[in-house]
Amino acid sequence: MKWQWCTVRLQWQSYDEETEQWYDDNPPLPDWFIKAQGVITVAQFITIWQQASNLNEVKKELYWLSIEEIEEWSQFVREELERLSIQSLQDLELIRESLLSVEEVERLVTAGLLNKEEYYEIPSDVYDPAKALLEAQSKREKEDRPHVQTMEVGGRYRFRAKH
């Protein structure tokens, strides 16, 4: 049987030779998982996580778990490593594959099947109060930056902000 990983759907697929099509279908569970009696050990999870370059690769290895379950596992492991004062897992992101290429979108816009939204740009000669405020704040000297002072009064904290 032929298997392929669909990067868009984050799903394994098998090839049906009769219909000559790919269908969502998971391969058999990995041997290490069966030998561990259906348990993912923390060591195995760390190995898979640390060898991956993104969350998609972790999902490919642990295909029977949802992305949410994988993220819960990573959080559990992070907390355990922190408790043991060991460096945490590397940060991995989920990479979403685009269903349409830029060329396909442009072709559909040209054919009139999609409309490209035009965004209003403020001309540079029009006064923008938010932009002016941000520019003024960035020009302030460091000692003029706002800060917060705290002081304890009768067992309670009071906060005073200076601008």
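The values are calculated or read from the model by the stated rules, or taken from the named source; none is laboratory data. Treat the numbers as computed from the prediction; the structure is a model and nothing was measured. Ideal geometry is used to build each Cβ from the backbone, glycine not excepted, and the neighbour counts take in all protein chains shown.
Numbers below:
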item: Any hit, region 122-132, residues being at pLDDT below 95, outside any helix (DSSP H, G or I) and closer than 28 Å to Thr7 by Cα; result: no
item: For Trp49: the one exception among (1) part of a helix (DSSP H, G or I); (2) at pLDDT below 95; result: (2)
item: Output for region 13-37, where each listed residue is in a loop (DSSP other than H, G, I, E, B), over 17 Å from Lys59 (Cα atoms) and either among the aliphatic types (A, V, I, L, M) or touching a residue at least 24 places away in the same chain (Cβ under 8 Å) (or both); result: Ala36
item: Residues satisfying the stated conditions in region 91-115, i.e. surrounded by 11 or more Cβ atoms within 10 Å (Cβ to Cβ) and in a loop (DSSP other than H, G, I, E, B); result: Leu92, Leu94, Ile95, Leu100, Leu114
item: Residues of region 1-29 that turn out to be charged (D, E, K, R) and out of contact with any Ser or Thr (no Cβ under 9 Å at 6 or more places or on another chain), as a count; result: 5
item: Filter result for the condition that a residue is touching a residue at least 40 places away in the same chain (Cβ under 8 Å) and in the same structural domain as Thr7 (by TED's automatic domain parsing), over Ile95, Ile48, Ile40, Ile86; result: Ile95
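Listed here are the residues, each with its yes/no results for (1) over 21 Å from Glu97 (Cα atoms); (2) touching a helix residue (DSSP H, G or I) at 6+ places or on another chain (Cβ under 8 Å); (3) surrounded by 16 or more Cβ atoms within 10 Å (Cβ to Cβ); (4) assigned by TED's automatic domain parsing to the domain that holds Leu89.
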{"residue": "Trp3", "(1), (2), (3), (4)": "no, no, no, yes"}
{"residue": "Glu18", "(1), (2), (3), (4)": "yes, no, no, yes"}
{"residue": "Leu29", "(1), (2), (3), (4)": "yes, no, no, yes"}
{"residue": "Val58", "(1), (2), (3), (4)": "no, yes, yes, yes"}
{"residue": "Ser66", "(1), (2), (3), (4)": "no, no, no, yes"}
